[in-house]
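Okay, structure first, notes after.
Every read-out reported here was derived from the displayed coordinates using simple, explicitly stated rules and does not represent laboratory data. In this text, all values refer to a predicted model and were calculated from it rather than measured experimentally. Heads up, the Cβs are rebuilt from the backbone with ideal geometry, glycines too, and the neighbour counts pull from every protein chain shown.
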Amino acid sequence: MSPVSAGTATADTVVPAQAARKPSPAPARDALRAALRRAAPALGLFAAARLTGMLLMAVWAWRIGDSPLHLLGQSWDSLWYTRIAEHGYGHTVTFAGGDVVQSDLAFFPLYPGLIRAVSAVLPVTPGGAGLLISWAAALAAAWGVFAVTDRLYGRRTATLTVLLWGLLPHSVVLSMAYTEPVLVALSAWALYAVLARRWLLAGTLALFAGLSRPNAVALVAAVVLTAAYELLRKRQRGWRVWAGAALAPLGWAGYVLHVGIRTGDPLGGYFAVQAGWSSRFDFGMGTLRFIRHLVSTPEKFGFPIALVIVVAAVLLLALMAYGMERRPPLPLLVYAGVLVLITVGGAGFFESKPRFLLPAFPLLLPLACAMAKARPRAAVMVTAALAGLSMGYGTYLVTVAPMPM
């Protein structure tokens, strides 16, 4: 063995050794470009679907004399988020002679914080900043959905999943100043990180997701339970698994505790705030009562559509868990299952339940896998039908429907 091969440092060996310790960023950039090229067709279809839906909505909005950007950026919950971004927390609305108080503390802080940051950098209104954030997050979410599905089922199924997700009846929300695009972007990439066993990244993304919406607890459960399962089965070891699991709940639990302390009830304050919005978990009793009401009493068009979507979600969850040839891995099952549980088991605005299910993209896997195996004509017919429903119903929700989403 020569002195060089035995490890003796010379002028010829020092530079290569240092280069090995400091790898060039070029391979990482090349891998990112390759991943983006692979996802590009799916992202293009997603963007085309959403832009077409927005165009149809805009045409109808102009027809009725309203501004499309105003409807997308200043509707329902968007007004609360932009107000928080401009003035901070502390706003309440009182109904029913003072018996019902709705507080802006029900809204988690990440999205208004992003609106405030973008508004400070760009010459846009808070509503415009919210739209820019949502549009960028929707594309990032679509890429994350593709990455997760491609890793598990291949490019064709992943492309169909992204397209189906962009054509859901409530997918118009992805084009509005709402928090769902941010939550899905963080959730999809966190789930991808879990599948790739990158626990610190998964925990960090789950932490930020927990600051975006209440139902981000589904992602927290997916990360924590998967980490626990891996540790118990001794498939994964090391401090990174523990650290990822510890990071995941900090955002959600931190904000819930913050609201509790601010209202004088550390453990119950946040849930009291949610009760002011008629939002609470009652194991589905409120859902059953509303279904009985819906069967016996004529209601607005959006309510029976919401019921159909909720029933479809439950059926798709059953297919996902028991009816697929290749069942999705544990983190996707937990994530989708908890989202469905929260939606069905929670009382509150029944018309908003389809929006609460929008982050549950794994529910589309049974349909996407079936379409990937079907004849092209059948897949095109399903896609066309869903596109018509999505764009027509989305236009109705934004421009006509007299109820929140």
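Worth a mention:
- Ranking 147, 219, 48 by Cα position along the charge dipole of the chain, where only Lys, Arg, Asp and Glu carry charges on their C-beta atoms, puts 147 farthest toward the positive end.
- Shape category assigned to region 152-218 from the gyration tensor of Cα positions, a/c cut at 1.5: oblate
- The chymotrypsin sites (Phe, Trp or Tyr not before Pro) of region 201-272 include none that DSSP puts in a loop with a beta carbon having at most 14 other beta carbons within 10 Å.
- Comparing 403, 254, 354 along the charge dipole axis of region 254-405, the residue lying farthest to the positive side is 354, per the Cβ-charge model.
- Principal-axis tilt of helix 217-232 within the chain, Cα atoms, nearest 10 degrees: 40 degrees
- Computed from the C-beta positions of residue 311 and residue 38, the FRET efficiency with R₀ = 45 Å rounds to 0.80.
- About its Cα centre, the dipole of the chain is roughly 1440 debye, where the only charges are +1 on Lys and Arg Cβ and -1 on Asp and Glu Cβ.
- Cβ-Cβ FRET estimate between residue 92 and residue 120, R0 fixed at 30 Å, reported to 0.05: 0.70
- Among [x] 0.93; [y] 1.02; [z] 1.12, the entry derived from the coordinates for Rg/Rh (Cα atoms, Kirkwood Rh): [y]
- Potential lengthening between residue 79 and residue 384 on full extension [0.36 nm per residue; Cα-Cα distance subtracted]: 106.5 nm
- Note on residue 283 and residue 28: their simple-model spin labels are 5.0 nm apart, each label 7 Å out from Cα toward Cβ.
- The magnitude of the dipole of region 305-405, with charges of +1 and -1 set on the Cβ of Lys/Arg and Asp/Glu and taken from the Cα centre, is near 300 debye.
- Gyration tensor (alpha-carbon) shape descriptor, region 206-338, a/c threshold 1.5: oblate
- With respect to the chain, whose longest principal axis is taken over its alpha-carbon atoms, helix 180-195 is tilted by about 30°.
- Sparsely packed trypsin sites (Lys or Arg not before Pro) within region 236-288, loop by DSSP, other Cβ within 10 Å at most 12: 237
- Kirkwood Rh (inverse of mean 1/r, distinct Cα pairs), region 314-369, angstrom: 11.6 Å
- Spatially, region 123-141 and region 279-312 are offset by 31 Å when compared through their Cα centroids.
- Full extension of the chain segment joining residue 265 with residue 234 gains 7.2 nm, where the gain is 0.36 nm per residue of separation less the Cα-Cα distance.
- Length gained on full extension, residue 151 to residue 300: 49.5 nm, using 0.36 nm per residue less the C-alpha separation.
- Once you reduce region 36-63 and region 144-193 to the center of their Cα atoms, the two points are 14 Å from each other.
- Helix 11-21 vs. the chain, principal-axis angle (Cα, 0 to 90°, nearest 10): 20 degrees
- Taking 207, 200, 232 and counting other C-beta atoms within 10 Å, the order from fewest to most: 232, 200, 207
- Least to most buried among 155, 33 (fewest other Cβ within 10 Å first): 33, 155
- Both radii come from the Cα set of region 280-405: Rg as radius of gyration, Rh as Kirkwood radius; their ratio Rg/Rh reads 0.99.
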